[in-house]
Amino acid sequence: MHLNVVQVSKSFGTKSAVDRVNFAVEGAKFIGIIGRSGAGKSTFLRMMNRLTDATDGRIEVDGVDVLSLTGKAKRDWQSQCAMVFQQFNLVPRMDVASNVLHGLLGRRSTLTSLLNLWSSADITRALEILDRLGIQEQAAKRAEALSGGQQQRVAIARALMQDPKIILADEPIASLDPMNAQIVMDTLKRINIEDGRMVIANLHTLDTARRYCDRVIGMRDGRVVFDGTADQLTQDVARDIYGADQSFSESATSTEISSLASGQKYADALLGD
Ligand SMILES: Nc1ncnc2c1ncn2[C@@H]1O[C@H](COP(=O)(O)OP(=O)(O)OP(=O)(O)O)[C@@H](O)[C@H]1O
Ligand SMILES: [Mg+2]
């Protein structure tokens, strides 16, 4: 799979939210997008999924500019790139299995969906996906009865039900405790490696970006200011991306269990000399 982002921009009135973003990815990589609040991370993902229209530029996926698709082709693309959100976006009072089956909405007629007419093959597949993510025993419960980490895995299961090429995750672990954050990130990584689906995740913690991503894109004020591997994401680079001064403490952007337990030691070590 080949992704080519060319001069993609988005303005809201006079405000430039995403400003001439360029990058290219070869193969089903795990991409992290980092940057401070307002940098344009969510706007970029929303353009890619066509939830919002770009002002300018192209996003080519295997040679097709997905920003210019309309009608059915646009809807097909939207089911090819599934979204996962910080707040899970499940139907809280509906059971888990039905929430997962709703991943098929884009591919079904409205009437079939309204009447919940899922085929037994669909139901079997939904249960298999839940089993794969370790939450099949929750299938009959209401989504709202699950923990945050479980709910996010349901949201990932719903995304998988679409059989997408790409999973776009907008701060998928920002509402989770460190243990659940790790389970959810491990789940996304497994899907990336085992299924060969590209993952593009907006992340707000550096250690998560370093640990899980093949490639990290750093955004500041709508622009790409860093594009490299996790190894190249040094403390100085991070300061630049976040526009922070020397007092910038990496542990403040950490969700890792070990670094939370010894937060001060971790920060001291990083900023020491
Ligand atoms: N619908 C909108 N109307 C007007 N301005 C918007 C809209 N959506 C986003 N913006 C502006 O675009 C810029 C980028 O916002 P965006 O939500 O993409 O940032 P972000 O990097 O996802 O931030 P966060 O880390 O807080 O989620 C911000 O200045 C924001 O105020
Ligand atoms: Mg955002």
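The values are calculated or read from the model by the stated rules, or taken from the named source; none is laboratory data. Just so we're clear, the structure is a prediction, and the values are computed from it rather than from any experiment. Here the Cβ is made from the backbone with ideal geometry for all residues, glycine too, and neighbour counts use every protein chain on show.
Summed over region 50-77, residues that are within 18 Å of V5 (Cα to Cα) and either among the charged types (D, E, K, R) or crowded, with 18+ Cβ neighbours inside 10 Å (or both) total 15.
Scanning region 43-80 for residues that are part of a helix (DSSP H, G or I) and under 18 Å from F23 (Cα atoms) turns up T43, F44, L45, R46, M47, M48, V66, L67.
On the stretch given as region 11-70, residues that are in contact with a helix residue (DSSP H, G or I) (Cβ under 7 Å, 6 or more places away or on another chain) and among the β-branched types (V, I, T) total 7.
Within region 23-48, being free of Cβ contacts under 8 Å to residues at least 24 places away in the same chain and touching a strand residue (DSSP E or B) at 6+ places or on another chain (Cβ under 6 Å) holds for one residue alone: A24. Got a sec? Which of A39, A24, A28 is within 13 Å of ligand 1 (Cβ to nearest atom) and among the hydrophobic types (A, V, I, L, M, F, W, C)? Going through A39, A24, A28 in turn, just one is within 13 Å of ligand 1 (Cβ to nearest atom) and among the hydrophobic types (A, V, I, L, M, F, W, C): A39.
Would you point out the residue of region 10-42, among those that are of a type in the set (K, R) and in a loop (DSSP other than H, G, I, E, B), that is farthest from ligand 2 (Cβ to nearest atom)? Lay out the reasoning, then the answer.
Taking region 10-42 and keeping what is of a type in the set (K, R), we get 10, 15, 20, 29, 36, 41.
Those left that are additionally in a loop (DSSP other than H, G, I, E, B): 29, 36.
Details: K29: 21, R36: 10 Å.
If we take residues in region 10-42 being of a type in the set (K, R) and in a loop (DSSP other than H, G, I, E, B), then K29 is farthest from ligand 2 (Cβ to nearest atom).
Going through region 192-215 one residue at a time, which ones are more than 13 Å from the chain's Cα centre (by Cα) and either under 21 Å from G38 (Cβ atoms) or of a type in the set (D, E) (or both)?
Within region 192-215, the first condition is being more than 13 Å from the chain's Cα centre (by Cα), and the residues that meet it are 193-196, 205-207, 210-211, 214-215.
Within region 192-215, E194, D195, T205, L206, D207, D214 meet the criteria.
Okay, residues lined up against (1) over 15 Å from M83 (Cβ atoms); (2) of a type outside the set (F, W, Y); (3) touching a residue at least 24 places away in the same chain (Cβ under 8 Å):
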position	(1), (2), (3)
L133	yes, yes, yes
E137	yes, yes, no
K141	yes, yes, yes
E144	yes, yes, yes
G148	yes, yes, yes
Q152	no, yes, yes
A159	no, yes, yes
P164	no, yes, yes
E171	no, yes, yes
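May I ask you to verify whether L188 is assigned to a helix (DSSP H, G or I) and at pLDDT below 90?
Values: assigned to a helix (DSSP H, G or I): yes; at pLDDT below 90: no.
So L188 does not fit the description; no.
Of the residues contained in region 130-140, one or more are found to be touching an Asp or Glu at 6+ places or on another chain (Cβ under 6 Å) and over 30 Å from V21 (Cα atoms).
In the condition set (1) more than 16 Å from ligand 1 (Cβ to nearest atom); (2) at pLDDT 95 or above, F44 is compliant with all but (1).
Screening the candidates I173, I167 for the property of being hydrophobic (A, V, I, L, M, F, W, C), modelled with pLDDT of 95 or more and over 24 Å from V66 (Cβ atoms) yields one hit, I173.
Scan region 211-233 for residues that are of a type in the set (D, E, K, R) and either part of a loop (DSSP other than H, G, I, E, B) or crowded, with 20+ Cβ neighbours inside 10 Å (or both) and jot them down. Steps first, please.
First, pick out the residues of region 211-233 that are of a type in the set (D, E, K, R): 211, 214-215, 220-221, 223, 227, 231.
If the condition is that a residue be of a type in the set (D, E, K, R) and either part of a loop (DSSP other than H, G, I, E, B) or crowded, with 20+ Cβ neighbours inside 10 Å (or both), then D214, D221 are the ones that fit.
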